[in-house]
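The values are calculated or read from the model by the stated rules, or taken from the named source; none is laboratory data. As the structure is a computational prediction, the values presented were derived from the model and not from experiment. Cβ sites come from the backbone with ideal geometry, for glycine too, and all protein chains shown count toward neighbours.
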Ligand code: AMP
Ligand code: MG
């Protein structure tokens, strides 16, 4: 049985970078730049401008009464020059008139009959100098994460209308089991709704990939093999769920072995001990456990980092905190557990509480959880008062 680290290393070793595509900037949110460094072609801002609605003047002329010689609006082209002893009314974002060096905000000035009375002013006040954000020629490095609205804004301000981004990894999703019917279809005796197809598609999207739906596989070896083969033909990797254990109707592991090669099929992790990993047609194939909680937790631990690696990102992109636990939460002493908890601030630190039943079929505690509490191998339960690592889901706290 592999440790979590050994399994993750083997899975990450199978990662290949996806190709890139050029997209208009307004379709790039959440995408990953092929190169996170861009060379600025222009200064930002491109010209000195006013940070306030007010009056443009020379600091040397204040305090005093100045003739108002005109008005400069944002976007009104090249501004008029300012003559000594006068002022120009100016709007936020309008270019600083040649000759002016300072802005006095509207609320600090009193204008009547074409004359404005201004108090003493500090040279350069409320002027945004050219290149305040970025100088032309500068190397602008963006965070190594999917593009946020702020990063998109930086690119737009630099005048970049199209960017080269990594293609989203295509992930074929295969649920297995004779008992499964799709949500929206009434259940017959002994049937349950297929939770994993929709859940794993959502997890793929959250990790930056694109899910490719396959019909659920019946518990039949030939049908399972056909769908695994179809999945790797249509996608960059295949993620199956169910059918990886030692039951007589578990055919996923067998399909990997027959069509390609199996690397391992068990991990010292709870939930998720039966997890098959191998390759078919040169593409990674991961058989997650069938229980929906196990499937989603092991996706988080093993598939999410793989998809990120294929996008050129490192790690799992999650924050971790140390959290105190005041309860005794039981676990398998042999395996590292990832318990579903709610983490909250508690004074200087954090406290974690169980989000509900820890059974691997109990989905609602997973939905309620904002973190997975990492309880190491070698102990049978959390010790009240002890602190543990908590992996924050969704990057939240
Ligand atoms: P298995 O690994 O196939 O033996 O499945 C383990 C448990 O997970 C069984 O109770 C299955 O009914 C359940 N299960 C497997 N696949 C799914 C699925 N796609 N949605 C919901 N439950 C599932
Ligand atoms: Mg099954």
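Among the residues of the stretch 92-130, those that are touching a strand residue (DSSP E or B) at 6+ places or on another chain (Cβ under 7 Å) and at positive phi comprise 93, 114, 124, 126.
Does the stretch 33-45 contain any residue that is without any contact (Cβ under 8 Å) to a residue 60 or more places away in the chain, more than 30 Å from residue 170 (Cα to Cα) and in contact with a helix residue (DSSP H, G or I) (Cβ under 9 Å, 6 or more places away or on another chain)? Even if it seems obvious, please write down each step before you answer.
So the first thing to find is which residues in the stretch 33-45 are without any contact (Cβ under 8 Å) to a residue 60 or more places away in the chain, and the list is none.
Among the residues of the stretch 33-45, not one is without any contact (Cβ under 8 Å) to a residue 60 or more places away in the chain, more than 30 Å from residue 170 (Cα to Cα) and in contact with a helix residue (DSSP H, G or I) (Cβ under 9 Å, 6 or more places away or on another chain), which makes the answer no.
Could you list, in sequence order, all residues of the stretch 369-393 that are in contact (Cβ under 8 Å) with a residue 60 or more places away in the chain and not in a loop (DSSP other than H, G, I, E, B)? Explain how you work it out, then say what you get.
Within the stretch 369-393, the subset in contact (Cβ under 8 Å) with a residue 60 or more places away in the chain is 372, 377, 385-393.
Matches in the stretch 369-393: 372, 387, 388, 389, 390, 391, 392, 393.
Would a scan of the stretch 55-74 turn up a residue that is over 30 Å from residue 137 (Cα atoms), surrounded by 14 or more Cβ atoms within 10 Å (Cβ to Cβ), in contact with a helix residue (DSSP H, G or I) (Cβ under 6 Å, 6 or more places away or on another chain) and in contact (Cβ under 8 Å) with a residue 60 or more places away in the chain? There is no residue in the stretch 55-74 that is over 30 Å from residue 137 (Cα atoms), surrounded by 14 or more Cβ atoms within 10 Å (Cβ to Cβ), in contact with a helix residue (DSSP H, G or I) (Cβ under 6 Å, 6 or more places away or on another chain) and in contact (Cβ under 8 Å) with a residue 60 or more places away in the chain.
Number of residues in the stretch 188-218 that are over 25 Å from residue 367 (Cβ atoms) and surrounded by 19 or more Cβ atoms within 10 Å (Cβ to Cβ): the value is 1.
Could you count how many residues in the stretch 345-367 are away from ligand 1 (no atom under 16 Å from the Cβ) and either closer than 25 Å to residue 7 by Cα or free of Cβ contacts under 8 Å to residues at least 12 places away in the same chain (or both)? Steps first, answer last, please.
At the first step, the residues of the stretch 345-367 found to be away from ligand 1 (no atom under 16 Å from the Cβ) are 345-356.
Filter again for either closer than 25 Å to residue 7 by Cα or free of Cβ contacts under 8 Å to residues at least 12 places away in the same chain (or both), leaving 347-348.
Of the residues in that region, 2 qualify.
Can you pull out every residue in the stretch 75-94 that is surrounded by fewer than 22 Cβ atoms within 10 Å (Cβ to Cβ) and assigned to a loop (DSSP other than H, G, I, E, B)? Result: 75, 76, 77, 78, 80, 81, 83, 84, 85, 91, 92, 93.
Scanning the stretch 204-214 for any residue that is over 30 Å from residue 38 (Cα atoms) and out of contact with any helix residue (DSSP H, G or I) (no Cβ under 7 Å at 6 or more places or on another chain) turns up nothing.
Can you tell me which condition residue 310 does not meet? The list is (1) surrounded by 24 or more Cβ atoms within 10 Å (Cβ to Cβ); (2) closer than 24 Å to residue 167 by Cβ; (3) over 18 Å from the mean Cα position of the chain (by Cα), and all the others hold. Here residue 310 meets the rest and fails (3). Examine the stretch 119-133 for a residue that is more than 30 Å from residue 249 (Cβ to Cβ), free of Cβ contacts under 8 Å to residues at least 60 places away in the same chain and loosely packed, with under 12 Cβ neighbours inside 10 Å, and state whether such a residue exists. Checking the stretch 119-133: at least one residue is more than 30 Å from residue 249 (Cβ to Cβ), free of Cβ contacts under 8 Å to residues at least 60 places away in the same chain and loosely packed, with under 12 Cβ neighbours inside 10 Å.
For the stretch 209-219, indicate whether the set of residues that are modelled with pLDDT under 95, within 13 Å of ligand 1 (Cβ to nearest atom) and assigned to a loop (DSSP other than H, G, I, E, B) is non-empty. No, the stretch 209-219 contains no residue that is modelled with pLDDT under 95, within 13 Å of ligand 1 (Cβ to nearest atom) and assigned to a loop (DSSP other than H, G, I, E, B).
Can you list the strands (runs of 3 or more DSSP E) found entirely within the stretch 250-309 that contain at least 2 residues being within 24 Å of residue 202 (Cα to Cα) and touching a strand residue (DSSP E or B) at 6+ places or on another chain (Cβ under 8 Å)?
Details: elements: 261-266, 274-280, 283-288.
By residue number, 274-280, 283-288.
Filter the stretch 230-249 down to the residues that are in contact with a strand residue (DSSP E or B) (Cβ under 7 Å, 6 or more places away or on another chain) and without any contact (Cβ under 8 Å) to a residue 60 or more places away in the chain, then identify the one that is farthest from ligand 2 (Cβ to nearest atom). That would be 231. Among the residues of the stretch 188-195, not a single one is in contact with a helix residue (DSSP H, G or I) (Cβ under 7 Å, 6 or more places away or on another chain), over 16 Å from residue 288 (Cβ atoms), away from ligand 2 (no atom under 13 Å from the Cβ) and in a strand (DSSP E or B).
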